[in-house]
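*Asks:* The structure follows.
Computed from the coordinates by the stated procedures, all read-outs in this text should not be read as laboratory data. Nothing here was measured: the structure is a model prediction, and the numbers come from that model. Counting neighbours? That spans all protein chains shown, and the Cβs are built from the backbone with ideal geometry, glycine included.
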Amino acid sequence: MPEDIAEVYRSTYRALVRFLYRKVWDAERAEDLAQEAFARALVHKPENARGWLFIVAANMARDDARRAARERRHLTLLKSEPETTAAEPEEAIDTDTQRTRVRGALEQLTPRDRETLLLWDAGFSYDEIAAQTGLARGAIGTTLARARRRLVEAYDADTAGGGHHVARG
């Protein structure tokens, strides 16, 4: 690393935590994000460590806020779901059977298709899916369409008793 990271840490850490605190409004989270930014600097060894740290830290704070917003939306949706009532035994068996079929269909997808589909289902944006999977952002839509089609084919094949592996063609 062109700059001595220990010196950058001594001269930058407090300012970086203050900067992050103003973004996340949580002192402990700001410290955690600052530590993570410095850990990344050790790996990436940027030329201008101080500037790089602030950019990376800002991105991490933004990602943290998006993740928190997604979690809040998910919790809101869960709260709005009706209370589950005791189902008839036949309904419980049908629900378990359907879950087993969905799991089986998901297992037939390639790992990349399954991960892309599950990340999308969890509310990740195309950019976030691309960063997580290593796919180009432009390939996400095509990958999702293919994964959805193969999932439906695998699910339908299970219903019909078919045994071919849809992820392979």
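*Asks:* What does the charge add up to near Arg67, with Lys and Arg as +1, Asp and Glu as -1, over the other residues with Cβ less than 14 Å from its Cβ?
*Replies:* -1
*Asks:* For Thr110, Thr142, what ranking results if the residue with the fewest other Cβ atoms within 10 Å of its Cβ goes first?
*Replies:* Result, fewest neighbours first: Thr142, Thr110.
*Asks:* Using per-residue counts of other Cβ atoms within 10 Å, averaged over each peptide, order 7-17, 27-37 from highest down.
*Replies:* 27-37, 7-17
*Asks:* Could you check the spin-label model distance between His44 and Ala68? Points 7 Å from the Cα along Cα→Cβ, value in nm.
*Replies:* In this crude spin-label approximation the distance works out to 2.2 nm.
*Asks:* So what J values fall out for region 67-73 if you push phi through Karplus, 6.51 cos²θ - 1.76 cosθ + 1.60 with θ = phi - 60°, rounded to Hz, Gly and Pro as x?
*Replies:* For region 67-73, the Karplus curve yields 4, 5, 5, 4, 5, 5, 4 Hz.
*Asks:* Please give the peptides 116-127, 38-49 ranked by average Cβ packing (other Cβ atoms within 10 Å per residue), highest first, as a rough proxy for protection.
*Replies:* Ranked by mean Cβ neighbours within 10 Å, highest first: 116-127, 38-49.
*Asks:* Now for a different question. Can you list the HN-Hα couplings for region 26-34, worked out from phi with the Karplus curve (6.51, -1.76, 1.60; θ = phi - 60°), rounded to whole Hz and with x for Gly and Pro?
*Replies:* Ordered by residue, 3J(HN,Hα) equals 8, 4, 5, 5, 4, 5, 4, 5, 4 Hz.
*Asks:* Test of understanding: express the Cα radius of gyration of region 89-168 as a ratio to 2.2 N^0.38 Å, with N the residue count.
*Replies:* Cα Rg divided by the expected 2.2 N^0.38 Å: 1.21.
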